[in-house]
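> My questions all concern the structure below.
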Amino acid sequence: MNGIKIETTDLNLYYGNHHALKAVTMDIRADAVTALIGPSGCGKSTFLKALNRMNDLTKGVRITGRVRLDGVDIYASGVDMTALRRRVGMVFQQPNPFPMSIYDNIAYGPRIHGEKSRARLDAVVERSLRRAAIWEETKDRLKKPAAGLSGGQQQRLCIARALAVEPEVLLMDEPTSALDPASTLKIEELLLQLKRSYTVVIVTHNMQQAARVADDTAFFLAGEVIEKGRTKRLFSGAQDTRTRDYIAGRYG
Amino acid sequence: MTRKVNYSASLCRHDFGLLHARIKDAVAYTAIYLAAFYAVLVLAGIILYVFAKGFPVLDLPFFTTVTSVVNGTVGIAGNMVNTVYIVVLTLIAAVPTGVGAAVWLNEYAASCKAVRLIEFATETLTGIPSIVFGMFGMVFFGTTLGLGYSILTGALTLSLMILPLITRSTQEALRAVPDGYRDGAIGMGATKWHMIRTILLPSAMPGIVTGILLAVGRIVGESAALLFTAGSGYLLPDVGSGLVHKIMESGGTLTIQMYLSMARAEYDTAFGIAAVLLCMVLAFNLLLKLLTRRWNRISR
Ligand SMILES: Nc1ncnc2c1ncn2[C@@H]1O[C@H](COP(=O)(O)OP(=O)(O)OP(=O)(O)O)[C@@H](O)[C@H]1O
Ligand SMILES: [Mg+2]
């Protein structure tokens, strides 16, 4: 069975006075897809961002509790952010390719981590684009601005960009909610490929999507994890009525 | 029955209202047309008049010599060199500071109050008449710091004057950069400074350059702030170390020289300089248009 990749213990997060995460204790399995579901404003994005410390950028955020990555507390003092975010990559809701060429987008991460060799960068770019299933569409226009790609292509480019630094964990915040059905399908297929070698945590509002791609699912409500477990079990017979109601679409 | 009557009555009123609106529309249209026509006419008139009076003065010696009674020459070579000096020095002093301030205000400053206070200050600074900057520059840089009537004093004074412009345009450009870029870069493990250097500043560059070009326009056109700071020297610097010493000497820009020529009723020279200045302004505007169009095309 898969080991535990990320482990949060009693994680509380406050935006000023607003208690956004309430004692969240959760294990995230390695090389599996974990879906976070729940109504809008329940803290899914907040939880996701806590896993690679993207909340550090937000003013007035206070965090208590532990987040362990392979057993090591990522909020301990002396943690190197660059190294952490290299291991835990992120893909956002809106595709956000940088205003530069496709090639430079992919090379951005490796360059941060000191890669200068042209040959190695070339190899990384090709490998990452292939892994994100967008190589065929981009190989003849690597030097063209990434803004020229379609929304779905841009999102796969962003996935490729995140993969270029060889992360261990991929955090995805509603990666397909801005995309058309065909692009969504492509990305879901991609996720099923990726989970062989990456731990994926995905926020989604789409129950079918969670059922299709996620091995595990956690249901959030008002900052708390109400129920979590294997997706199959949760979707076939959740214990908590609130979970059942949400999955059945009877919640906001 | 009644309903029908009412209906046609309202239709009638409606028709009348429509006619009324049409007349209003036509009047407004004519007025706008006339106003636009007037603006174009005035602009064309000024340009033609200045060029007609100015161009006959422009010959090669006018550009390559300085005015000298002994040699019997009338020329603006020294003033052109001074203008370049002042523009370059002012930008060296103001651009890094202005861009730095904008980056700090937009990306680092933690306290909203402090930011708003500083923004209020820069805005107010923009509205101060340039002669006030001139007085301050003369007293502070010239006397207190002992830089005297010099190109350096003038450039430092002007740098204060254009600082708000640079800061403003940079801030606006930074604000237009989508947050997604910031999150994306930070999420990749970039440090804040790396993100600013590789993503924010390049994306903001068109706005920053636009601000700089506008600033150059103001520097070239400035007279009041320079008259009592950079003075009115019109000689060419000696080649060699003189090029550096020039910074500490008095030097009048084209605009200052034009002012002096008019004060001495040397209208030919004044018109010649005016024609040169107008050409420069036109060139700047064209350049700005060209760059903006290019950048718009690239970003699309
Ligand atoms: N920067 C912030 N400052 C203050 N409060 C915030 C901030 N970001 C989020 N919140 C609040 O924290 C709560 C959780 O927000 P979060 O974005 O995590 O919800 P979510 O589950 O991702 O919702 P959605 O499905 O709409 O994306 C919300 O009540 C939100 O208003
Ligand atoms: Mg969210």
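The values are calculated or read from the model by the stated rules, or taken from the named source; none is laboratory data. This structure is a prediction, so every number in the text was calculated from the model and none was measured. Here Cβ is always computed from backbone atoms with ideal geometry, including for glycine, and neighbour counts include all displayed protein chains. Ligands, DNA and RNA are excluded from the accessible area calculation, which covers all protein heavy atoms including side chains. Shrake-Rupley method; radii C 1.70, N 1.55, O 1.52, S 1.80 Å.
> Quick test of your reading of the structure: A:Met26 fulfils all but one of (1) within 14 Å of chain B (Cβ to nearest Cβ); (2) more than 16 Å from ligand 2 (Cβ to nearest atom); (3) open to solvent by less than 10 Å² (accessible area, probe 1.4 Å); (4) farther than 18 Å from A:Gln155 by Cα. Name the failing condition by number.
(1)
> With a cut-off of at least 3 residues that are within 14 Å of chain B (Cβ to nearest Cβ) and within 17 Å of the chain's Cα centre (by Cα), name the strands (runs of 3 or more DSSP E) lying wholly within the stretch A:144-242.
Once the strands (runs of 3 or more DSSP E) in the stretch A:144-242 are filtered for at least 3 residues that are within 14 Å of chain B (Cβ to nearest Cβ) and within 17 Å of the chain's Cα centre (by Cα), what remains is A:169-173.
> Still on this model: Going through the stretch B:35-66 one residue at a time, which ones are open to solvent by less than 50 Å² (accessible area, probe 1.4 Å), free of Cβ contacts under 8 Å to residues at least 60 places away in the same chain and under 18 Å from B:Asn79 (Cβ atoms)?
Of everything in the stretch B:35-66, just one residue is open to solvent by less than 50 Å² (accessible area, probe 1.4 Å), free of Cβ contacts under 8 Å to residues at least 60 places away in the same chain and under 18 Å from B:Asn79 (Cβ atoms), namely B:Thr65.
> Now for a separate question. Among the residues of the stretch A:29-44, write down those that are within 16 Å of ligand 2 (Cβ to nearest atom) and surrounded by 21 or more Cβ atoms within 10 Å (Cβ to Cβ).
Correct list: A:Thr34, A:Ala35, A:Leu36, A:Ile37, A:Gly38, A:Cys42, A:Gly43, A:Lys44.
> Still on this structure, I have one more. Out of all the residues in the stretch A:98-145, which are touching a residue at least 12 places away in the same chain (Cβ under 8 Å) and aromatic (Phe, Trp, Tyr)?
Those that are touching a residue at least 12 places away in the same chain (Cβ under 8 Å) and aromatic (Phe, Trp, Tyr): A:Phe98, A:Tyr103, A:Tyr108.
> Which of the following residues is in contact with a Leu (Cβ under 7 Å, 6 or more places away or on another chain) and within 14 Å of chain A (Cβ to nearest Cβ): B:Ile219, B:Ile247, B:Ile186, B:Ile212?
When all the criteria are applied, what remains is B:Ile186.
> Here's another thing I want to ask about it. Just to be sure, is A:Lys5 within 16 Å of ligand 2 (Cβ to nearest atom), among the basic types (Lys, Arg) and out of contact with any Gly (no Cβ under 8 Å at 6 or more places or on another chain)?
In short, no.
> Continuing with this model, one more query. Among the residues of the stretch B:159-183, count how many are within 11 Å of another protein chain (Cβ to nearest Cβ) and more than 18 Å from A:Met100 (Cβ to Cβ).
Looking only at that region, the number is 0.
> Now, a different point. I'd like to check something: does the stretch A:180-188 contain any residue that is without any contact (Cβ under 8 Å) to a residue 12 or more places away in the chain and either away from ligand 1 (no atom under 13 Å from the Cβ) or surrounded by 18 or more Cβ atoms within 10 Å (Cβ to Cβ) (or both)?
Scanning the stretch A:180-188, I find at least one residue that is without any contact (Cβ under 8 Å) to a residue 12 or more places away in the chain and either away from ligand 1 (no atom under 13 Å from the Cβ) or surrounded by 18 or more Cβ atoms within 10 Å (Cβ to Cβ) (or both), so the answer is yes.
> Check whether at least one residue in the stretch A:150-165 is small (Gly, Ala, Ser), surrounded by fewer than 20 Cβ atoms within 10 Å (Cβ to Cβ) and in contact with a Pro (Cβ under 7 Å, 6 or more places away or on another chain), and report yes or no.
Yes: the stretch A:150-165 contains one or more residues that are small (Gly, Ala, Ser), surrounded by fewer than 20 Cβ atoms within 10 Å (Cβ to Cβ) and in contact with a Pro (Cβ under 7 Å, 6 or more places away or on another chain).
> Among the residues of the stretch A:51-80, write down those that are open to solvent by 70 Å² or more (accessible area, probe 1.4 Å) and either away from ligand 2 (no atom under 16 Å from the Cβ) or farther than 28 Å from B:Cys112 by Cα (or both).
Those that are open to solvent by 70 Å² or more (accessible area, probe 1.4 Å) and either away from ligand 2 (no atom under 16 Å from the Cβ) or farther than 28 Å from B:Cys112 by Cα (or both): A:Lys59, A:Arg62, A:Arg66, A:Asp70, A:Val72, A:Ser77, A:Gly78, A:Asp80.
> Related question: If you check A:Tyr108 against the conditions, is it more than 25 Å from A:Leu192 (Cα to Cα) and more than 9 Å from chain B (Cβ to nearest Cβ)?
no
> Go through the residues of the stretch B:233-240 one by one and say whether even a single one is aliphatic (A, V, I, L, M) and in contact with a helix residue (DSSP H, G or I) (Cβ under 6 Å, 6 or more places away or on another chain).
Scanning the stretch B:233-240 turns up at least one residue that is aliphatic (A, V, I, L, M) and in contact with a helix residue (DSSP H, G or I) (Cβ under 6 Å, 6 or more places away or on another chain).
> With the requirement that a residue be acidic (Asp, Glu) and open to solvent by 60 Å² or more (accessible area, probe 1.4 Å), what does the stretch B:95-118 give you?
none
> So, in the stretch A:164-180, exactly how many residues are of a type in the set (Val, Ile, Thr), more than 16 Å from ligand 2 (Cβ to nearest atom) and touching a helix residue (DSSP H, G or I) at 6+ places or on another chain (Cβ under 6 Å)?
Residues flagged as of a type in the set (Val, Ile, Thr), more than 16 Å from ligand 2 (Cβ to nearest atom) and touching a helix residue (DSSP H, G or I) at 6+ places or on another chain (Cβ under 6 Å) within the stretch A:164-180 amount to 1.
> Within the stretch A:115-143, which residues are open to solvent by 50 Å² or more (accessible area, probe 1.4 Å) and either of a type in the set (A, V, I, L, M) or within 11 Å of chain B (Cβ to nearest Cβ) (or both)?
A:Ala119, A:Ala123, A:Ala133
> Now for a separate question. Quick check on my filter: what residues within the stretch B:67-85 are in contact (Cβ under 8 Å) with a residue 40 or more places away in the chain and in a strand (DSSP E or B)?
Matches in the stretch B:67-85: B:Thr67, B:Val74, B:Ile76.
> While we're on this one: Applying the selection to the stretch A:90-129, what residues are closer than 14 Å to A:Arg156 by Cα and assigned to a loop (DSSP other than H, G, I, E, B)?
Residues satisfying the conditions are A:Phe92, A:Gln93, A:Gln94, A:Pro95, A:Asn96, A:Pro97, A:Phe98.
> Only one residue in B:Ala224, B:Ala263 is of a type in the set (A, V, I, L, M, F, W, C), open to solvent by 10 Å² or more (accessible area, probe 1.4 Å) and without any contact (Cβ under 8 Å) to a residue 40 or more places away in the chain. Which one?
Among B:Ala224, B:Ala263, only B:Ala263 is of a type in the set (A, V, I, L, M, F, W, C), open to solvent by 10 Å² or more (accessible area, probe 1.4 Å) and without any contact (Cβ under 8 Å) to a residue 40 or more places away in the chain.
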